[in-house]
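Report on the structure given below.
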There are 2 protein chains.
Amino acid sequence: MTQVNHQILLASRPTGEPGTDNFKLVETAVPDAAALADGQVLVRNHYLSLDPYMRGRMNDGKSYAQPQPLNEVMIGGTVGEVVASRSANFKVGDKVVGMGGWQEFQLVDASQRGVLQKVDTTHVPLSAYLGAVGMPGVTGWYGLVKIIDPKAGETVVVSAASGAVGGAVGQLAKARGARAVGIAGGADKCRYVVEELGFDACIDYKQHRDVKSLSAALKADCPNGIDGYFENVGGMILDAVMLRANAFSRVAMCGMIAGYNGEPIPLSAPQLILVNRMKIEGFIVSEHMEVWPEALKELGTLVATGKLKYRESVADGLAAAPEAFLGLLKGRNFGKQLVKLI
Amino acid sequence: MTQVNHQILLASRPTGEPGTDNFKLVETAVPDAAALADGQVLVRNHYLSLDPYMRGRMNDGKSYAQPQPLNEVMIGGTVGEVVASRSANFKVGDKVVGMGGWQEFQLVDASQRGVLQKVDTTHVPLSAYLGAVGMPGVTGWYGLVKIIDPKAGETVVVSAASGAVGGAVGQLAKARGARAVGIAGGADKCRYVVEELGFDACIDYKQHRDVKSLSAALKADCPNGIDGYFENVGGMILDAVMLRANAFSRVAMCGMIAGYNGEPIPLSAPQLILVNRMKIEGFIVSEHMEVWPEALKELGTLVATGKLKYRESVADGLAAAPEAFLGLLKGRNFGKQLVKLI
């Protein structure tokens, strides 16, 4: 009997805010295990990762990555289990992380280096390889360690602080002796950022209607100014941070969700880059594969020993992925957004 | 008979565009050579340097330096000759560079390290120590070598290309095998930048009314995109450059003349920092004294051997300094703006 593989394709490109109608759920047949070619591995995906970068891929314009092709399975990170293998490197039952996309099963040519990684779930939960011990964690690690490079006693501000990336940034900053101040949307998220993740303070941006108000809140929580800022958001928050930036401060620019849906949001006072001798650097973590082993080692150890905490928002079943993704873009998730597929 | 020292003081702070009424010419007595204290040196200034940074000092707001105090001699670099000395390190007739300010004579406590430097005028003209072999030259060197760090074959764009800083940037870029494209105001300056300084191309920004037009001109002259940009100006030019910036491009931010007189000019599309994984870094060359010896050695050798060319606009007499300075801010100078005092 042929098993059914559900997939979600990009059906159309959004104009402005995306909607569920940009996606299409389809059924295909799961490849027959007996028909695998040499080197192929069949993986059943357990979790799909939803990440802000996917919004950029939905557009056709110039971005840091190729656009997601129409009518193909949406790109996405996955963790799962090998259910059939004709590769010497993988056996049935192995837990693996890869880029399986928005689907339940994936057929992988495991002879291609790096497309599938075996992971150890003895001390680290499988889903964490999509979050704190995966791309989001390494993203936070890279921006903090390689760009912000905080000294003990410095102040690091992080937007989207309750998320998978931001949570890692603040906890890694604390581990280096820095003061960590989060920015998040809502009292619940802020309480979690301080009480569970251990940040020194967290500002609820929803309580601040303009740059002046947010900047005043930053002044109160960053009495010695801001030395490093991990930018996940863009727009007004960056403007407010720049007004409190210290001389020689560093901004790691990782996400600009605020500007994804339409017109770019200007940076109000670029002369502050000069006045404060700031460094602003954009980066994409997949272009720095050389740091992944070092980063994953620190992140894996911290998670296994309970020192790096995180939270997950889990949507149930592949069909729930589009709604969960749209919610992520609006900040409705709380922690790492996953879709549970099994 | 007591000799007269003319000085120009900052009389008031400008609101918006500065005018000559912000300055005041006064007469004081030149200190009596016989009355010098131990370690003091009396210098007669031959040239005063006028530089855009002085505009920032006229304001009272937060900037990278202390504001120029009111009713004190305007700050400024000078070259001159020792006319009296009670320092073992300086003798009458020595040529020196220092921060003598807008005045004809200066009394220096030469025991303070670094306030006065003896210079060799055998191969390098005295005035060049205020330009190509002085602060402007080192400014260009630092931004190009330490921030842009161009590889052979890359394209470096420089605004204010006919000026003391910009001219050095382009010629140093060419010396490193990069393509140098200038931006300057007017056909004369552009011709000079290409024909005399040896840039590959130069764009007359006065021919371009908007970002789109300037960006199209940059596309034509930078067929492989822009890898490095030396920012002397701010405003529309930076926006246009960013539209042509390559992945991993670097912006050295040295001046933002466009925004000095009032409201900051926003950066239109900051998301391009992320999209193109750019690095934007502001700097002030006086905070990097460790590079001066290396930079001055290269610059001095290039000037002495005729390989680094520059031009000077020379105003005559101290009283002409305010008008010359206002002209500099409007781009009316052609090359390094000096005031000849003797």
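Identify, please: which residue in the range A:87-97 is touching a residue at least 12 places away in the same chain (Cβ under 8 Å) and surrounded by fewer than 16 Cβ atoms within 10 Å (Cβ to Cβ) and is, among those, nearest to A:A33 (Cα to Cα)? Walk me through how you get there before you give the answer.
So in the range A:87-97, the residues touching a residue at least 12 places away in the same chain (Cβ under 8 Å) come out as A:87, A:89-90, A:93-97.
From the residues that got through so far, the ones that are surrounded by fewer than 16 Cβ atoms within 10 Å (Cβ to Cβ) too are A:89, A:93.
On the way: A:N89: 17, A:G93: 14 Å.
This residue is A:G93.
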Search result, residues across the range B:173-197 that are part of a loop (DSSP other than H, G, I, E, B), under 19 Å from the mean Cα position of the chain (by Cα) and surrounded by fewer than 23 Cβ atoms within 10 Å (Cβ to Cβ): B:G185
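Regarding A:M99, is this residue farther than 24 Å from A:V4 by Cα and of a type in the set (A, V, I, L, M)? Full working, then the answer.
Working: farther than 24 Å from A:V4 by Cα: no; of a type in the set (A, V, I, L, M): yes.
No.
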Check whether at least one residue in the range A:63-74 is modelled with pLDDT of 95 or more and under 21 Å from A:K330 (Cα atoms), and report yes or no. yes
With the requirement that a residue be in contact with a Phe, Trp or Tyr (Cβ under 6 Å, 6 or more places away or on another chain) and either surrounded by fewer than 24 Cβ atoms within 10 Å (Cβ to Cβ) or closer than 20 Å to B:K279 by Cβ (or both), what does the range A:108-137 give you? A:A110, A:V119, A:S127
Sort out which residues of the range A:16-73 are buried (at least 19 other Cβ atoms within 10 Å of the Cβ), within 23 Å of A:E312 (Cα to Cα) and in contact with an Asp or Glu (Cβ under 8 Å, 6 or more places away or on another chain), and write them in order of number. A:V43, A:R44, A:N45, A:H46
Checked A:G101, A:G61, A:G77 against criteria (in the same structural domain as A:S127 (by TED's automatic domain parsing) and on the phi > 0 side of the Ramachandran plot); the one match is A:G101
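Take residues that are surrounded by fewer than 18 Cβ atoms within 10 Å (Cβ to Cβ) and of a type in the set (A, V, I, L, M, F, W, C) and tell me which of the strands (runs of 3 or more DSSP E) falling wholly in the range B:213-329 contain 1 or more. Steps first, answer last, please.
Details: elements: B:226-231, B:245-253, B:279-282, B:312-316.
By residue number, B:245-253, B:312-316.
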B:N232 fails exactly one of the following numbered conditions: (1) away from every other protein chain (no Cβ under 12 Å); (2) modelled with pLDDT under 95. What is the number of that condition? (1)
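The values are calculated or read from the model by the stated rules, or taken from the named source; none is laboratory data. These numbers come from a predicted model, not from an experiment. For neighbour counting, all protein chains shown are included, and Cβ atoms are generated from backbone atoms with ideal geometry for every residue, glycine included.
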